[in-house]
Amino acid sequence: METSPPESNAARHGPLGGVRVLDLSAYIAGPYACSLLADQGADVIKVEPPSGDNLRQYPSTLPSESRAFLGVNRSKRGIVLDLKRADDHAALLKLVRDADVLVHNFRPGVPERLHIGHEQLSLINPRLVYCAITGYGDSGPLKDKAGYDQVLQTMTGMCTLQGKRGGPPEIIYGSVVDYYAAALLAAGVSSALYERERSGLGQFVGVSLLRSALTMQSARMIWAEGESLDIGRDMRSGGVTGIHPTRDGWIYISANTARFWKALCAKTGLGALADDPRYDTVRKRAQHFAEILPQLHAALAARSALEWEDLFGDEVPCAAARRIEDMFDHPQVQSQGIIDTFEHPLVGRYRGVAQSIRFGRTPGPAPFAAPVLDQDTAAVIAALEDDADSAFGKR
């Protein structure tokens, strides 16, 4: 595994082969969106300030690099530009002339002050797909406010609904809003590139963490005319579907359908519950969970979570609660080729997520490690000074 792509941009394959992306974003949402594009063959150049992406400084048990930075910046080349310096700013504009996509997560107004706003760059490259990811969008009273994943979780009701009934709000760990925003941005870029094939023009693509957090909750964001606003919007289906204790470990069980409910009762020796008309719908089981759960927990105490997982098989949707570390060598993960081994100049060899989407006819290029700070600056700047035959020449 190489730390830089072993092939030129023209030779890269995948459905986005030949697409050039300038990634000026930091943290998770923007950078991971660009990694998703790189998975599909795009040539991504990560542009960092001299201080580097702030994610590099996040806590990590790795001494030389942030684990989070490695995880969200795979398959990119990395350069350093100080956009307040005239020569570095000019270098970025040269890159923009031949780029297909530019992604940033500056607050509204900052790109214009740096002379890299949408209208400014569109004059240089009308085909540019210009992507801005913000906390709250580019208009409204909160547009200048810094937005972060867990701030938006808390604001939009996710934490309130995550908490136990009657208990305090709870954060959903794992940066779910950031990662969903990354997926929205990658999808938006792909759509804009598709439309450009017909119009010949790029366009602005905007994604915000606010939009991401509310889009994730579209099943809850329904308010019918004449309906009280203060109603129950909890999508949880009651006490049966959820995580339960066993003799050793915990297991998640989903038994919402009649078929799975009957199979669960049969497998746990609770056949009488399956035949009881008081429990024959998911709504009724939610109403009577206090009667059902003690019997279910007593039955589950006979085996470990892994034993129940094996016994339920494909008749009862379930999963024993595992650690993330257990996924590296899980046979299903291995069979899907989700994990690969990377070589990094500072970290050495490590294993991580390789690609997120499978394409049958146009598989993406082999992934490579996230760049160290300033790794490819010299090569990229030198290529800018070469003629049209260079990797960055006019197409």
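Structural remarks
- Among the residues listed as 139, 212, 228, 199, the single one being within 16 Å of the chain's Cα centre (by Cα) and either of a type in the set (S, T, N, Q) or not assigned by TED's automatic domain parsing to the domain that holds residue 109 (or both): 212
- Per-region count, region 100-145, residues within 15 Å of residue 201 (Cβ to Cβ) and of a type in the set (Gly, Ala, Ser): 1
- In the set 368, 342, only one residue is crowded, with 20+ Cβ neighbours inside 10 Å and not in a loop (DSSP other than H, G, I, E, B); that residue is 342.
- Region 155-186 - residue that is surrounded by fewer than 16 Cβ atoms within 10 Å (Cβ to Cβ) and hydroxyl-bearing (Ser, Thr, Tyr) and, of those, nearest to residue 109 (Cα to Cα): 173
- Hey, residue 351 out of contact with any Gly (no Cβ under 6 Å at 6 or more places or on another chain), part of a loop (DSSP other than H, G, I, E, B), at pLDDT 95 or above and more than 14 Å from residue 39 (Cβ to Cβ) or not: no
- Residue match in region 139-151 (condition: in contact with a His (Cβ under 8 Å, 6 or more places away or on another chain) and part of a helix (DSSP H, G or I)): no
- Boolean, residue 337 is among the small types (Gly, Ala, Ser) and under 25 Å from the mean Cα position of the chain (by Cα): yes
- Residue 359 under 30 Å from residue 69 (Cα atoms) and in a loop (DSSP other than H, G, I, E, B): yes
- Residues of region 334-389 classified as touching a strand residue (DSSP E or B) at 6+ places or on another chain (Cβ under 9 Å) and acidic (Asp, Glu), total: 4
- Qualifying residue in region 62-84 (condition: part of a loop (DSSP other than H, G, I, E, B), on the phi < 0 side of the Ramachandran plot, of a type in the set (Gly, Ala, Ser) and crowded, with 24+ Cβ neighbours inside 10 Å): no
- Selection over region 372-395 of residues that are within 15 Å of residue 98 (Cβ to Cβ) and either modelled with pLDDT of 95 or more or not in a loop (DSSP other than H, G, I, E, B) (or both) gives a count of 4.
- Residue 26 falls short on exactly one of the conditions (1) touching a strand residue (DSSP E or B) at 6+ places or on another chain (Cβ under 9 Å); (2) modelled with pLDDT under 95, and that condition is (2).
- Residues within region 34-52 that are touching a residue at least 40 places away in the same chain (Cβ under 8 Å), part of a loop (DSSP other than H, G, I, E, B) and over 26 Å from residue 363 (Cα atoms), tallied: 1
The values are calculated or read from the model by the stated rules, or taken from the named source; none is laboratory data. Note that the structure is a prediction, hence the values are computed from the model and not measured. Please note: Cβ atoms are built from the backbone with ideal geometry, for glycine as well, and neighbour counts cover all protein chains shown.
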